[in-house]
Every structure is written in C-alpha cells, then in structure tokens.
Amino acid sequence: GILWLGEGAYFAATAEKVAALEGRPTMDLTKELAAQFAAFYLAFEVIAKLSATALEKVGMSYAAIFFVYAGLAVVAALMFTQASTVESSNAGPPLSLCGKAMTAVALWPDAKIWLLAFTNLTFGFAAAFMNGYVNSNYTTPELGSGYIGTLTAITATVAAVGALAFSRLPSKQVAVFLGSLCFIAIALICLANKAGWVHLSGWNWGLVTLYILQGLGRGVYESTNKGVFADVFPGAASPGAFGNCMMQSTFAFTLCFLFSDFLAPALVWIVLVLGLLTTPGLYLALAVKRREDEAAADKRPAP
C-alpha cells in the first residue's frame, strides 16, 4: 500500500515533468512511462520467481530464500533514497502521515474512482480464480503442481511483453478494452467447460492459453491502468488515487481468501460481469473528467 501511494505521486509527477521538457501531451507520457515501468517491474518479478525456484532446487531452505529476498528489498529501498526528488507543480502542501492516508479516503465520494475500479476488481478476482480454482481443478490434475510456478512465470512474462505492446495502441481506451476481453475470455472458456462445450480436463499444455490470457490482462492492469489513473487524478490527487487502485484489487483478493468456499461457484461469473463493465466504466469516468475540466475552465477569469 505504501509503495503504490508513493509510486502514484512519483509516476504522475515524472510524466508531468518529462511532458513539459519534451513539449508533449502528458497523456502520451503516462502511456509510455506506465508501459516501461510495468515491463521492468514484471521482468524483475519473473527473474525473482525463477531464481527462487533455482535456489530451492539447489537445496536452500525457504527461510534462507526469504532472508535473501528481504535483503534485496532493503538494498532496493536504500538505493531509492538516492533518486532525484520529483514533485508535481500541483502537488499541494506537505501532509502529515495521517493526512496522506486520508487522501485515499477523501476520493471515495468521487464517482470517477469507482468507475475506474472495474479493471482493478476484475484483475483481483481473475487472479484469485486462476490461483485457486484453475490451479487446483485443472492445472494440477493435468500437469502436476510442479508446473504451476512455470505457468505463473509465463503469465508475468506475457504481461511484461504485453505492457510494451499495448503502449503502441492508438489510445488507452483500446488497451483497456482488449485487456478486459482477455479476462472475459478466461471466464467464457471456463463456463463453456462447465456447460460441456469444451473439456479442459483434456487440454494438457493447452491450459497455458488461460495463463497467457491472464498475462495479457495483467499487462493492461500493470501499465495502461496506471496511466489512466494518472490522467484522471493528476497532481495532488494522484497518491490517493493510486492508494484506491491498490485497495480495490487487494479487496478482491481478500474477499476471495476469506469467503473462498462461498464465492468459488460464482467467481467465474464475477470475473465475467466485471470484465463486461470495465470499458463502459472507463468511458464514463473520462466523460465526467472532461465535464469537470470544462466547468473549471469556464470559472477561470478571462485574460
């Protein structure tokens, strides 16, 4: 949670500064920088997962692996203290620790934060569905539990490549639409299996299709989605907006963990419905943002 609030402020401010230096629209920079960040972030995730597997194979204990990665996290945190300070021109006055936490809550009455929630919720529920239901009911019986780590690494790799590919699309709206289609496709394939139209029990390595679709959807979640939040909530609003972004996806994870037995039968339908609502929610949020910007422009005194 702390990371996402900090990332939101740093990301939005960096995009604003680079846009000013290069004389380009900030929305173009949020798309490019979000894709670059996601690609590096996901690439390191793949390396971390494969390295952990390799360390386990050579006999290192789970506790030792944990301390190795904890040490790397400390080194990364210390290195970031040497990074340049970047602040938005609309960052607002410094806030206390409690004040910073309340910036996320302060956005709850804003309809835009909930209209943009569908990508986060869809990813959260889809990830829980894949990690829980698909891994246990299809992947383990077909391939064995030993291959789950490989398939999740494939998901992260596809997400990294997809993030860069989606940044080349003409607009963020197109990328979000395609990402939602990937989550919808996962739900439809599993529903078709329940209806007897397809038989996942015989797919064997064909199950990688589901993990590729999850990776493409995650590529949008990790990149384009962040760019959208930075566009709709610039300046002082960006830390709170990114805090809500994190809250929405982790809410879905938490809900699935606490009520897994109750939600399991309906989880695929939840993913389908949220996926269908993602693109309309985005367009409504952008329409509200455009109306607010026009109203603010009308209130400015004439030069």
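Please give the length that would be gained between Ala73 and Glu56 if that part of the chain were fully extended, namely 0.36 nm times their separation in residues minus their C-alpha to C-alpha distance (nm, one decimal).
So the chain would gain 4.2 nm between Ala73 and Glu56.
For region 143-208 and region 5-25, what is the centre-to-centre distance using only Cα atoms, to the nearest Å?
Cα centroid to Cα centroid, the span is 31 Å.
Take the solvent-accessible surface of the protein heavy atoms, probe 1.4 Å, and return the percent of it on the chain that carbon and sulfur atoms account for. Please report the intermediate quantities before stating the final value.
Working: 11250 of 15900 Å².
The nonpolar share, carbon plus sulfur, comes to 71 percent.
Highest mean first, how do 18-29, 224-235 rank when packing is the count of other Cβ atoms within 10 Å averaged over residues?
Values: 18-29: 13.8, 224-235: 25.0.
Highest-to-lowest ranking by the protection proxy: 224-235, 18-29.
Can you classify region 239-294 as rounded, prolate or oblate using the Cα gyration tensor, where a ≥ b ≥ c are the square roots of its eigenvalues, rounded means a/c under 1.5, and otherwise it's prolate if a/b beats b/c and oblate if not?
Values: a/c = 5.40, a/b = 1.79, b/c = 3.01.
In terms of gyration-tensor shape, oblate.
Taking just the C-alpha trace of the chain, give me its Rg and Dmax in Å.
Gyration radius and largest Cα-Cα distance of the chain: 20.5, 72 Å.
Could you give the accessible area per residue of region 1-87, probe 1.4 Å, as a whole number in Å²? Each step should come with its number before you reach the end.
Details: 5750 Å² over 87 residues.
Value for region 1-87: 66 Å² per residue.
So what is the accessible area of region 162-207 per residue, in Å², with the probe set to 1.4 Å?
On the way: 2230 Å² over 46 residues.
On a per-residue basis, region 162-207 sits at 48 Å².
Using label points projected 7 Å from each Cα along Cα→Cβ, tell me how many nm separate Thr250 and Tyr283, to one decimal.
For the pair Thr250/Tyr283, the computed spacing is 3.3 nm.
Using only DSSP helix segments of four residues or longer, with each worth -39500 (n - 2.57), what per-residue ellipticity at 222 nm results for the chain after dividing by its residue count and rounding to 500? Spell out each step's value before the answer.
On the way: 13 runs with 231 residues, N = 303.
Rounded to the nearest 500, the figure is -26000 deg cm²/dmol.
Write down the accessible area per residue of region 236-290 in Å², having rolled a 1.4 Å probe over the full set of protein chains.
I get 48 Å² per residue for region 236-290.
The values are calculated or read from the model by the stated rules, or taken from the named source; none is laboratory data. Quantities reported herein were computed from a predicted structural model and do not represent experimental measurements. We place every Cβ from the backbone using ideal geometry, glycine too, and count neighbours over all the protein chains shown. Surface accessibility is based on the protein's heavy atoms, side chains included, excluding ligands, DNA and RNA. Shrake-Rupley method; radii C 1.70, N 1.55, O 1.52, S 1.80 Å.
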